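Please read the structure below before turning to the comments.
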Amino acid sequence: MHRNLPGASHRGCGRICAVLAAALLLLSIEAGARVRVVDPGETPTLGAEEGLLLVAVDSNVDLNAVSVKKEGRLFSSGVLANLKAGHSARLYVVPAGQYAWDQIRAFNSVRYGLKDDPEYHFEVRPGVITYGGDLVFRPQGWFRARVQVSNRGLRAMDWLEAQHPAVARQYSFSYSGHYPDPFPAFYRAARAAGAPRAVAELDTVRKPPAPGTLPLAIRELWRDERIGDVSLNGAGDLLAERVRDKDEWGIDLIDLKAGTSVRLAQTPFPYVSMTWSGDRTLLVGTGAGRDAQTITIIRIRDLAGGQHGFEILKLRHAGRVLDPLPHDPDHILFASHGHKDQLLVHEIDISSQRALDGFNTGRKPLNKGVADDVAWFTDGAGRLRAALARRDDDYVLLHGTGTTFTEVLRLQAEDGFEPRALSWDGDLVYGLTDEGRAQRDLVVFDPAQRRVTATLFSKPGVDLVGPIMDDRRRPIGAAYYEGGRLVSEYFDQRDQKLAGMLRNTFANRTVAVIDRSRDGQQLVLWVDGSDQPGKLYHLDATRNEASLLDDARPWLEGKRFVASEPFSVKGGDGLPVEAYLTLPPGEGRRPLVVMPHGGPVGVSDRRHFNPQVQFLASLGYAVLQVNFRGSDGYGKAFREAGFRSWGTLIEDDIDIAIRDALARHPLDPQRLCVVGASYGGYSALVAAIRWPERVRCAVSIAGVSDRVLFFTASDAGHSVKGREQLERVIGDPRTQLEAMQASSPLYRYRELKAPVMLVHGEEDTRVDYEHARRLVRMLNLAGRPPVMLTFEDEGHGIEDIDHIEAAWSGIAGFLREHLDTPASP
């Protein structure tokens, strides 16, 4: 179960408590005749109603104790005590029955209660070894932690074999969770069928080949964009730009009239927010996260000769700007969290440093009348008018004023209304919905009537990205993707004419208006393409003049990139599928790399600048991206056509796009590899099994290898709502176990004969590292150890630039080994 645990209790007990906990553990075990620790090498004899319980904890900090309850009562005051950071496990003889993780104590005196949550429950069966998953603990400060139970059965079995070999041989191993896990029995049978081999030998992986000389430097190509954000003041004469220059972050002020730029601030810490309050007050937030920012107030004075003076003030409380109150530049609405993690909203005087220093979060907050609130919406006057609040595993929308708020809508994870903005008077909510519709439309929700009352914009078969609003919070247009490019469609004729002019001026590019002045005459544009990194422009609509302000990746200036071209095919059932081919220049037939996207439902590839695609193209490989069924942007029916289509209809769509590309372009059908991340990694492995004569190699980055395991070792499956959604979109392992095994690369490892490369982070909470661990083991049993790169501190995506360079250098070497040699006739 994935939980962010707020409000952990603190008890000033310290070192004495730690000693007492260890003593109590021993006493409770000795006193409770039916609960006892199994020592390494011991082979216990079980009673008729006794079982073996393997308790495992994974923590990145030392823990004082972890406790477990049996049927609501503690069977020990601390199942595991004085744990060092890392993986810890212990084996017990216990009475059969219902158990639950109960409490974690860390930092000597901080207790993290897990409450009576069914996500932490498991059942011990008599006569078998029961494993309820690893309790994964990751603190996020002194009083907050992420806690998740994750099925890492293979690692548990390895621990048993090392510490209790006789027990491991004598008793069957059973995972206890919401879904079955057929792998332990499958693995034991496969291992028993072969010659005895040590676990260390079965974990063999190969290093990726050296890539040789690379046409594009990975560190330069993947380097973070220089432009982080921009904000235009209402008058349209000053533009604030948040920039990153390697390890420094800065705020630049651009005077659009004078054509000058000045650095306002610079810090080694990232700027995470930036907004104007009025025309001469800039609010900037620094920090590690959205809700824990340090706010800097920059007051700008106009001086003679077009110069500016600046006064810099600091708010010394962590939080974020909820509303800059542009009508009142001396005040802001500020959101922070109290000691019990409750959300607090205050109005703060920012007129002087003295006023800021006088602010105290202990003052009575404005957000009253709503329990468990997580976010607020304000009207044009800065009044709190709507809130999002937690209700069990759901979120609800509440509307009202003052201290009286009424629940008007229960929000759903997928379908349903998605609020985006309030009207100026706060009486209406603008948002997106596809409930009862063929696509995601822009609509008006009336809280008084508790229903959608109007459709503002709809485009048949196209999912909207969001509304385009003016400074008075009126929707003036809608944005959506067409042909892989972002399109802005406006409601009035003047804006339509302007959008047409921009499309003609920046042909074959995505052009987005990312900010505009109050009068709509000064606009800030973002222009990019599949073969062009983003560029920032200023458009003066009064003179129809556009001027370049900045380049997101100036260090790539002069490099030649390859444009992607869209094409469409029809799936086997006639469903139209869009795909993009990036074909590098050259003579002869080029090798092809297929790159399925992740998701797979609700995600799409777009024709923006993509470092991965351009890197592969620089190696001489054509790159094919397919927006198969389930992809976002093509309407509800297309999205839902991807439900329960893992490894089947989705792969059929990819296959049809491959065959069409091979037939119409100079591509070598004998030199094809598949590279993907998350679902794309799963797709790469499936492709190598389905088409062994076609696929030369497969690269799986954080990919799923076991469809059943995804339900018990992913943050997506550790809540009632999450499991309901997984069953709806992927299937139900309790009723479709055989089909899921048949479409899981892990259970068809003997057919996975193409060379395989795996890349995985050990901190992945979406696709647990256990997926890679299991596949490595089975491929070794088949005598085909994979190439593999493991990154200790990475999650579901690779973020550290050193790790990115290592991963893509390895992928380049792996692809060159298998694609650069032409096939025999």
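The values are calculated or read from the model by the stated rules, or taken from the named source; none is laboratory data. Everything numeric here is computed off the predicted structure, so don't read it as measured data. Methodologically, a virtual Cβ is constructed for each residue, glycine included, from the backbone with ideal geometry; neighbour enumeration extends over all protein chains shown. Protein only, heavy atoms only, side chains kept; ligands, DNA and RNA dropped before computing areas. Shrake-Rupley method; radii C 1.70, N 1.55, O 1.52, S 1.80 Å.
Against the condition open to solvent by less than 40 Å² (accessible area, probe 1.4 Å) and farther than 28 Å from Phe814 by Cα, how does Gly534 come out, does it pass? Working first, answer last.
On the way: open to solvent by less than 40 Å² (accessible area, probe 1.4 Å): yes; farther than 28 Å from Phe814 by Cα: yes.
Yes: the conditions hold for Gly534.
Out of all the residues in region 453-470, is one or more modelled with pLDDT under 95 and farther than 28 Å from Arg226 by Cα?
No; the residues of region 453-470 include none that is modelled with pLDDT under 95 and farther than 28 Å from Arg226 by Cα.
Of the residues in region 440-475, how many are in a loop (DSSP other than H, G, I, E, B), more than 20 Å from Ala381 (Cα to Cα), open to solvent by 60 Å² or more (accessible area, probe 1.4 Å) and of a type in the set (D, E, K, R)?
1
Scan (1) open to solvent by 20 Å² or more (accessible area, probe 1.4 Å); (2) touching a Ser or Thr at 6+ places or on another chain (Cβ under 9 Å) for the single condition Pro184 breaks and write down its number.
Every listed condition holds for Pro184 apart from (1).
Among the residues of region 200-243, which ones are open to solvent by 30 Å² or more (accessible area, probe 1.4 Å) and of a type in the set (Val, Ile, Thr)?
Thr204, Val205, Thr213
Taking Arg723 as the residue in question, decide whether it is out of contact with any strand residue (DSSP E or B) (no Cβ under 9 Å at 6 or more places or on another chain) and not hydrophobic (A, V, I, L, M, F, W, C). Outline the logic, then answer.
Working: out of contact with any strand residue (DSSP E or B) (no Cβ under 9 Å at 6 or more places or on another chain): yes; not hydrophobic (A, V, I, L, M, F, W, C): yes.
Yes.
Across region 406-439, what is the total count of residues that are open to solvent by 80 Å² or more (accessible area, probe 1.4 Å), farther than 12 Å from Pro467 by Cβ and in a strand (DSSP E or B)?
Number of matching residues: 1.
If the Cβ limit is 6 Å and pairs must be 6+ apart or interchain, which residue in region 473-495 that is on the phi < 0 side of the Ramachandran plot and among the aliphatic types (A, V, I, L, M) pairs with which residue that is open to solvent by 20 Å² or more (accessible area, probe 1.4 Å) and not in a strand (DSSP E or B)?
Going by the 6 Å Cβ cut-off, the qualifying pairs are Ile476/Asp470; Ile476/Phe491.
Taking region 614-634, which residues are open to solvent by 10 Å² or more (accessible area, probe 1.4 Å), of a type in the set (Ser, Thr, Tyr) and farther than 12 Å from Glu578 by Cβ?
Passing the criteria: only Ser618.
Which one of these does Gly558 not meet: (1) modelled with pLDDT of 95 or more; (2) small (Gly, Ala, Ser); (3) closer than 21 Å to Asp224 by Cα?
If we test Gly558 against (1) modelled with pLDDT of 95 or more; (2) small (Gly, Ala, Ser); (3) closer than 21 Å to Asp224 by Cα, just (1) comes out false.
Quick one: in region 120-164, which of the residues that are basic (Lys, Arg) and closer than 15 Å to Ala185 by Cα is least open to solvent (accessible area, probe 1.4 Å)?
So in region 120-164, the residues basic (Lys, Arg) come out as 125, 138, 144, 146, 152, 155.
Adding the requirement that they be closer than 15 Å to Ala185 by Cα leaves 152, 155.
On the way: Arg152: 20, Arg155: 55 Å².
Top of the filtered list is Arg152.
For region 635-645, what are the residues that are closer than 26 Å to His771 by Cβ and open to solvent by less than 10 Å² (accessible area, probe 1.4 Å)?
Correct list: Gly642, Ser645.
So the check is Cβ under 9 Å with 6+ separation or different chains; which pairs have a first residue in region 39-52 that's under 16 Å from Phe173 (Cβ atoms) and in contact (Cβ under 8 Å) with a residue 60 or more places away in the chain and a second one that's buried (at least 19 other Cβ atoms within 10 Å of the Cβ) and of a type in the set (Asp, Glu)?
As it stands, the answer is Pro44/Glu50, since those pairs meet every condition given.
Just need a number here: residues in region 257-267 that are more than 16 Å from Leu239 (Cβ to Cβ) and open to solvent by less than 80 Å² (accessible area, probe 1.4 Å).
Number of matching residues: 1.
Going through region 582-596 one residue at a time, which ones are without any contact (Cβ under 8 Å) to a residue 60 or more places away in the chain and more than 15 Å from Pro611 (Cα to Cα)?
Within region 582-596, Pro585, Gly586, Glu587 qualify.
Can you tell me which residues in region 50-83 are within 24 Å of Glu763 (Cα to Cα), touching a Ser or Thr at 6+ places or on another chain (Cβ under 9 Å) and either of a type outside the set (Asp, Glu) or modelled with pLDDT under 95 (or both)?
Leu54, Val55, Ala56, Val57, Ser59, Leu63, Asn64, Ala65, Val66, Ser67, Leu80, Leu83
Within region 662-676, which residues are among the aliphatic types (A, V, I, L, M), touching a strand residue (DSSP E or B) at 6+ places or on another chain (Cβ under 9 Å) and surrounded by fewer than 24 Cβ atoms within 10 Å (Cβ to Cβ)?
Step one: of region 662-676, the residues among the aliphatic types (A, V, I, L, M) are 662-663, 667, 672, 674-675.
Filter once more, keeping what is touching a strand residue (DSSP E or B) at 6+ places or on another chain (Cβ under 9 Å): 662, 667, 672, 674-675.
Result: Leu662, Leu667.
Could you pull out the residue among Pro554, Pro533 that is over 25 Å from Gly483 (Cα atoms), out of contact with any Cys (no Cβ under 9 Å at 6 or more places or on another chain) and in contact (Cβ under 8 Å) with a residue 12 or more places away in the chain?
Details: Pro533 fails: over 25 Å from Gly483 (Cα atoms).
Exactly one residue qualifies, and that residue is Pro554.
Note down all Cβ pairs under 8 Å where the first residue falls in region 645-661 and is more than 10 Å from Pro596 (Cβ to Cβ), the second is of a type in the set (Phe, Trp, Tyr) and in a helix (DSSP H, G or I), and they're at least six residues apart or on different chains.
Close Cβ pairs satisfying both conditions: Trp646/Tyr679; Trp646/Tyr682; Gly647/Tyr682.
Quick check: anything in region 421-442 in contact with a Phe, Trp or Tyr (Cβ under 8 Å, 6 or more places away or on another chain), more than 27 Å from Lys721 (Cβ to Cβ) and of a type in the set (A, V, I, L, M, F, W, C)?
Yes, that holds for at least one residue.
Mind checking which helices (runs of 4 or more DSSP H) fall wholly inside region 99-197 and carry at least 2 residues that are under 12 Å from Leu54 (Cβ atoms)? Can you show your working first?
Values: elements: 153-163, 165-170, 183-193.
Once the helices (runs of 4 or more DSSP H) in region 99-197 are filtered for at least 2 residues that are under 12 Å from Leu54 (Cβ atoms), what remains is 153-163, 165-170.
Every residue, every condition in (1) touching a strand residue (DSSP E or B) at 6+ places or on another chain (Cβ under 7 Å); (2) of a type outside the set (Ser, Thr, Tyr); (3) buried (at least 17 other Cβ atoms within 10 Å of the Cβ), yes or no:
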residue: Ala754; (1), (2), (3): yes, yes, yes
residue: His760; (1), (2), (3): yes, yes, yes
residue: Arg774; (1), (2), (3): no, yes, yes
residue: Asn780; (1), (2), (3): no, yes, yes
residue: Val787; (1), (2), (3): yes, yes, yes
residue: Gly795; (1), (2), (3): yes, yes, no
residue: His818; (1), (2), (3): yes, yes, yes
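Would you please name the residue that is surrounded by the most Cβ atoms within 10 Å (Cβ to Cβ), looking only at residues in region 383-393 that are within 27 Å of the chain's Cα centre (by Cα) and part of a loop (DSSP other than H, G, I, E, B)?
Asp393
If we keep just the residues of region 476-504 that are of a type in the set (Asp, Glu) and not in a strand (DSSP E or B), which is least open to solvent (accessible area, probe 1.4 Å)?
Within region 476-504, the first condition is being of a type in the set (Asp, Glu), and the residues that meet it are 482, 489, 492, 495.
Pick out the ones that are also not in a strand (DSSP E or B) and you get 492, 495.
Working: Asp492: 62, Asp495: 9 Å².
Among residues in region 476-504 that are of a type in the set (Asp, Glu) and not in a strand (DSSP E or B), the one least open to solvent (accessible area, probe 1.4 Å) is Asp495.
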